[in-house]
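Working notes for the structure below.
Read-outs: derived from the displayed coordinates by stated rules, not from any lab. All values derive from a computational prediction rather than experimental measurement. Here the Cβ positions follow ideal geometry from the backbone for every residue, glycine too, while neighbour counts run over all protein chains shown.
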Amino acid sequence: MGARRGERVVAVGNANVDVIAFVDRHPSAGERVEARRLERAPGGAASNFAVAAARLGAHAILLGCVGLDEEGEWLLDRLRGSGVDVSMVSRVSAPTGVALVVVDAGGERTMVVHRGANALLPQVLRERPLPPADWVHAASVPPDLAAEVFASAKRAGAITSYDPGGTVARLGFEGLRSALELTDVLLVNEAEARALAGPRGVGGLAPTVVVKLGARGAVAWVGGREYGAEGFRVEVVDTTGAGDVFDAAFALGVLRGLSPGEALTFANACAALKITRVGGQASPSLEEVARLLRERGYGALALKLAGNL
């Protein structure tokens, strides 16, 4: 893990225990398949973001909820071990959230989630203020909750980013309007962009809009101007958490003065390294990302990042 820099990044959202089953293929309805391997790993979109930011050298703070159970204690221990500040994580009288993750031979995953303690996050947020931060990220939380968080963040002068996730994005633009009006950076995949954009066009949803294209890279609209960056070809093991790792890297790229195109390339590289590993929090260090960039012909960007090592 790199030395911490001055950036204070707050991630708001879920903390889960992921139970990951590796299968040759996803089952059809009513079908049974055998798992080749079963693993337990820490997860949750906001937690994944926080771990990725910490491993890239930021002071990453998670604002979330876990239960008063053994799973909650295990999850907090793992987050601390990854360098995340868990002082804003509340222990509540509900079971720690669990995600059942099924990963096929190509690394693609499906999930079944039990929210558990995460469902109490709105109540907890209303009882405690946001800590000081340069950047506040809301991940897979309802728009009304994101709007409340962002209103506080804006008053404190923080940059706000929102990755609503597929379920929330399907509410459409009107459903997310309250949150989008306070969002500086919107981060979505292609399906989420289609659900939100409608006739407005994706570039008008927020001052900065980033659309993640998987293996094809990513595209961003910043102040009406379009930027793009190609993806990195790697051996795919597990895509869980790749979007969250991308989000954290893009945020830090912006905070560290990278251009939009450079921030996209940096984020693509971080996500590419993540998908070669198992678990949503198997994110890379800054040193590992710089090495990949040098190997793939982005020596100038790697040199620029070297100042953050």
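Find the residue count for the range 271-290, including only residues that are assigned to a helix (DSSP H, G or I), within 9 Å of Arg55 (Cβ to Cβ) and within 12 Å of the chain's Cα centre (by Cα).
0
With more than 23 Å from Ala251 (Cβ to Cβ), touching a residue at least 12 places away in the same chain (Cβ under 8 Å) and not β-branched (Val, Ile, Thr) as the only criterion, which of Ala146, Ala94 stands out?
Just a single option satisfies the conditions, and that option is Ala94.
Looking at Ser152, is it touching a residue at least 12 places away in the same chain (Cβ under 8 Å) and closer than 19 Å to Val10 by Cα?
Yes, satisfied.
Please list, ordered by first then second residue, the pairs with beta carbon atoms under 8 Å, 6 or more apart or interchain, first in the range 169-182 and at negative phi, second buried (at least 18 other Cβ atoms within 10 Å of the Cβ) and hydroxyl-bearing (Ser, Thr, Tyr).
Partner pairs satisfying both residue conditions: Ala179/Tyr162; Leu180/Tyr162; Leu182/Thr160.
Of all residues in the range 91-133, which are farther than 15 Å from Gly13 by Cα, in contact with a Lys or Arg (Cβ under 8 Å, 6 or more places away or on another chain) and surrounded by fewer than 20 Cβ atoms within 10 Å (Cβ to Cβ)?
Passing the criteria: Val102, Asp104, Ala105, Pro132.
Going by the conditions given, is Leu100 among the hydrophobic types (A, V, I, L, M, F, W, C), in contact (Cβ under 8 Å) with a residue 40 or more places away in the chain, over 18 Å from Ala139 (Cα atoms) and touching a Gly at 6+ places or on another chain (Cβ under 8 Å)?
no
Quick grid of which residues meet (1) in contact with a helix residue (DSSP H, G or I) (Cβ under 8 Å, 6 or more places away or on another chain); (2) among the small types (Gly, Ala, Ser); (3) surrounded by fewer than 17 Cβ atoms within 10 Å (Cβ to Cβ); (4) under 23 Å from Ala242 (Cα atoms):
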site	(1), (2), (3), (4)
Glu174	no, no, yes, no
Leu186	yes, no, no, yes
Ala191	yes, yes, yes, yes
Leu196	yes, no, no, yes
Ala206	yes, yes, no, yes
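How about the range 76-90: which of its residues are surrounded by 15 or more Cβ atoms within 10 Å (Cβ to Cβ) and under 19 Å from Pro284 (Cα atoms)?
Once the filter is applied, which keeps residues that are surrounded by 15 or more Cβ atoms within 10 Å (Cβ to Cβ) and under 19 Å from Pro284 (Cα atoms), the range 76-90 yields Arg78, Leu79, Ser82, Gly83, Val84, Asp85.
Looking at the range 22-44, can you tell me whether even one residue there is on the phi < 0 side of the Ramachandran plot, part of a strand (DSSP E or B) and polar (S, T, N, Q)?
no
Just need a number here: residues in the range 53-81 that are in contact with a strand residue (DSSP E or B) (Cβ under 8 Å, 6 or more places away or on another chain) and either of a type in the set (A, V, I, L, M, F, W, C) or outside any helix (DSSP H, G or I) (or both).
The total comes to 17.
Only one of (1) in contact with a Pro (Cβ under 7 Å, 6 or more places away or on another chain); (2) not basic (Lys, Arg); (3) not in a loop (DSSP other than H, G, I, E, B) is not met by Leu252, so which one is it?
(1)
Residues in the range 231-238: is at least one under 23 Å from His26 (Cβ atoms) and buried (at least 20 other Cβ atoms within 10 Å of the Cβ)?
yes
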